[in-house]
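The values are calculated or read from the model by the stated rules, or taken from the named source; none is laboratory data. Note that this is a predicted model, so its numbers are computed, not measured. So basically every Cβ, Gly included, is an ideal-geometry build from the backbone, and we count neighbours across all protein chains shown.
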Amino acid sequence: MYPKPVSSLTLPIIFMLTLSTSFADENKTYVVSGIDDVTEIVVDEFGVPHIYAENHYDVFFAQGFNAARDRLWQIDLWKRRGLGQLSDVSLCSSSAAAIVINSKEV
């Protein structure tokens with residue numbers, strides 16, 4: 001009656017994506033507009049980013065930049081899950097969550 005749940009391969013793939021994207025390239029320099037002073041994101045040996053800036057506006061900007069750089073795939077995944085479009089990028093053709101979300105009248 002209901003489609004099979006998400007494949008057992010999906011969770012290991014998501015875990016591998018998390019590991020592969022959580023350790024940013026620590027020797028890369030970006031020039032972006034919107035930052036007033038020099039801002040530095042230092043990633044330690046455990047993959048934890050530390051943000052150093054002259055003012056709190058630059059810290060918040062760097063935090064958003066770091067989140068987008070490291071987790072853009074995850075933000076997109078959450079958006080697709082909320083819209084019921086997760087089956088567009090997952091290994092299975094449809095998921096129970098997509099059926100539930102798409103059946104709701106919003």
Looking only at the stretch 74-106, filter to residues that are surrounded by 14 or more Cβ atoms within 10 Å (Cβ to Cβ) and at pLDDT 70 or above; which one of those is nearest to K28 (Cα to Cα)?
Q74
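With the structure loaded, tell me whether V42 is of a type outside the set (D, E), in contact with a His (Cβ under 7 Å, 6 or more places away or on another chain) and either outside any strand (DSSP E or B) or within 19 Å of K28 (Cβ to Cβ) (or both) or whether it fails that test.
Answer is yes for this residue.
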Can you tell me how many residues within the stretch 4-55 are among the polar types (S, T, N, Q) and modelled with pLDDT of 60 or more?
5
